[in-house]
Amino acid sequence: GWMSPITFTGPDRVLAVLVSMARTGELWMHLAASVRTFLNGYLAAVVLGVGVGLLLGANRRLEETFGPYIMAFNAAPRVAFIMLILAWFGIGEFSRSLLVFLGVVFPICVNSITVAREVDGTLIAAARVFGASRLEMFYKVTLPSAVPHIFSGMQLGVGRGLVGLFLAESYGAQEGIGFLITKAGYLFRVDMLFGGLLVLAALSIALTEGLRLLGKRLTPWYEEAR
């Protein structure tokens, strides 16, 4: 009783509010909306970021031309784009997914450029000796060497994407975990606020661990080499 319930709460109250929202279906509605928005932006960012990153990493001339712009956008704070995106595309699912996309695509692209550029020279020399074309070099040497590190970059992108998701759902959204946390803050519902934060943290852990296990399963040669 020595701490005000307006500013802090106990784990029992946090658990109680999560159970209550789960029973009414409110928690699952917000969670489903957040997962849908995140996956739309994240998957698009992975496809474009990995593709462009590997292409630039394998071609020095393209990297010298476009690399500085990608680095500049990667360093720019994503929060600066919020009002611009809302002004251009309005408040909706597309705008929220776009903010997630912007949070993920540049880190993944930068990571893919780096790993494609640092492929083992011995492997490249061996492929050339066996007469591999540039296309075969990419698919049989560069891509398999880069995949394990690409998954590491995808795991890092989860955190950036969830930050973008929270920011997107805090501005004008009517559903999602970010909206739930923001509403709890306005209502001084600290128990609900902590509950939303726990759900967001659990989502981050689940996505990161899932990517780690998927990467381990898809790259058995890398695990054997380690």
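The values are calculated or read from the model by the stated rules, or taken from the named source; none is laboratory data. What you are looking at is a predicted structure, and each value in this text was computed from that prediction instead of being measured. Keep in mind that these areas ignore ligands, DNA and RNA; they rest on the heavy atoms of the full protein, side chains included. Shrake-Rupley method; radii C 1.70, N 1.55, O 1.52, S 1.80 Å.
Descriptive notes on the structure:
- Rounded, prolate or oblate (a/c below 1.5 giving rounded, otherwise prolate when a/b exceeds b/c) for segment 1-99 by Cα gyration tensor: prolate
- Rounded, prolate or oblate (a/c below 1.5 giving rounded, otherwise prolate when a/b exceeds b/c) for segment 166-212 by Cα gyration tensor: oblate
- Converting phi to 3J(HN,Hα) with the Karplus coefficients 6.51, -1.76 and 1.60 and the offset θ = phi - 60°, segment 97-108 yields 5, 5, 5, 5, 4, 5, x, 9, 5, 6, x, 5 Hz in sequence order, with x at every glycine or proline.
- If you run the Gaussian network model on the chain, springs between alpha carbon atoms under 10 Å, then out of G103, G185, G41 the most flexible one is G185.
- Gaussian network model of the chain, springs between alpha carbon atoms under 10 Å - residue of R160, R96, R61 with greatest fluctuation: R61
- Per residue, the accessible area of the chain comes to 57 Å², computed with a 1.4 Å probe over protein heavy atoms only.
- Legend: residues F94, F8, sorted from most to least accessible area (1.4 Å probe; ligands, DNA and RNA excluded), read F94, F8.
- For H149, solvent-accessible area (1.4 Å; no DNA, RNA or ligand), Å²: 70
- Amide H within-cut-off set for N59, under 5 Å, with H built and near neighbours excluded: none
- Taking every DSSP helix (H) stretch of at least 4 residues in the chain, weighting each as -39,500 (n - 2.57) and dividing the sum by the residue count yields a mean residue ellipticity at 222 nm of -27000 deg cm²/dmol.
- By accessible area with a 1.4 Å probe, ligands and nucleic acids excluded, highest first: order of K140, K216, K183: K140, K216, K183
- Rounded percent of accessible protein surface that carbon and sulfur make up, the chain, 1.4 Å probe: 68
- For the chain, built as a Gaussian network whose Cα springs stay under 10 Å, the top-fluctuating residue of A126, A168, A146: A126
- Take every pair of alpha-carbon atoms less than 8 Å apart whose residues are at least six positions apart; their mean separation over the length of the chain yields a relative contact order of 29 percent.
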